[in-house]
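Accompanying notes for the structure given below.
None of the figures in this text is laboratory data; all of them are computed from the coordinates on show. Owing to the predicted nature of the structure, the values given are computational and were not obtained by experimental measurement. Please note: Cβ atoms are built from the backbone with ideal geometry, for glycine as well, and neighbour counts cover all protein chains shown.
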Amino acid sequence: MKQVYTVRAHRTETKYDAKDNLISLLDVQVPADAVEFLRSAHYAQEHKDVTFNLRVVNATDGDYRTLKFTSKGSKMKDFVPVATLQKWADSHDDLNSLFDYGLELELQVEVRERNQDGPGLFDEGEETETLQAGVLNAPKGVLALPGGEDIEDAEFEEADQKEAQEGSSDGGDAA
């Protein structure tokens, strides 16, 4: 489900969070009927894929940029319905410019079910076939390479044995 709202910048702040990460907060004024949907989308972030994108459109030339946020919630602040958005601070975002009257702000909120079609990365209970090959993956009781009837063991000779054989064959011919 996707909802698009025309919003206005209400307040911006850049600060350190509890883990000493620099974050930017942006309060945007939303229509009053959007508050309930935004609250639902905020709480759905835990178990669904939710995106909060702010599309900033220049009214004169139509050029736009998109800023990706996460939700910190929505509420009535000083009798104004606002949605509080958060993102990692980046000076290139220039959030102070969002108060310019030459810009149109559009909040795009999309809620999607997480993909449950295929197996997850760490799903348990599903058995997968593993090929045990190579020295690093082979357990101690298993040979590093798979064996079979058509594979013969290689014969290795020591260098001393080779020299002795070569020496005895050379010496036998000379006598």
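When only the Cβ of Lys, Arg, Asp and Glu is charged (+1, +1, -1, -1), the dipole of segment 1-107 relative to its Cα centre reaches about 340 debye. Kindly flag which residue pairs out of LYS19/LYS75; LYS48/LYS77; LYS19/LYS48; LYS19/LYS72; LYS19/LYS68 have an alpha-carbon separation exceeding 23 Å in this structure. Distance filter (> 23 Å) returns LYS19/LYS75; LYS48/LYS77; LYS19/LYS48. The spread of Cα positions in segment 35-104, taken along each principal axis and listed from longest to shortest, comes to 38, 29, 21 Å. Charge dipole of segment 15-62 (Cα centre as origin; +1 on each Lys and Arg Cβ, -1 on each Asp and Glu Cβ, all else neutral): 60 debye, rounded to the nearest 20. Annotation: amide H-H contacts under 5 Å for SER74 (H modelled 1.01 Å from N, sequence separation of 5 or more, or interchain): THR84. Karplus-based coupling profile of segment 82-89, in residue order and whole Hz: 10, 10, 9, 10, 9, 7, 5, 5, with θ = phi - 60° in 6.51 cos²θ - 1.76 cosθ + 1.60 and x standing for Gly or Pro. Please work out the FRET efficiency for the pair TYR64 and SER91, using the Cβ-Cβ distance as r and a Förster radius of 25 Å; give the result to the nearest 0.05. After rounding to 0.05, the efficiency reads 0.80. Full extension of the chain between GLU104 and ARG8 yields a length gain of 33.8 nm, computed as 0.36 nm times the residue separation minus the alpha carbon distance.
Here the simple spin-label model places points 7 Å from the Cα toward Cβ, and for LYS77 and LYS19 these points are separated by 2.3 nm. For VAL7, nonlocal amide neighbours, meaning residues 5 or more places apart or on other chains whose placed amide H falls under 5 Å from its own, are LEU105, GLU106, LEU107. Extension gain, VAL35 to ARG55: 0.36 nm times the residue separation minus the Cα-Cα distance gives 5.3 nm. Distance between the modelled labels on VAL111 and GLN45, one decimal in nanometres: 1.4 nm (7 Å Cα→Cβ projection).
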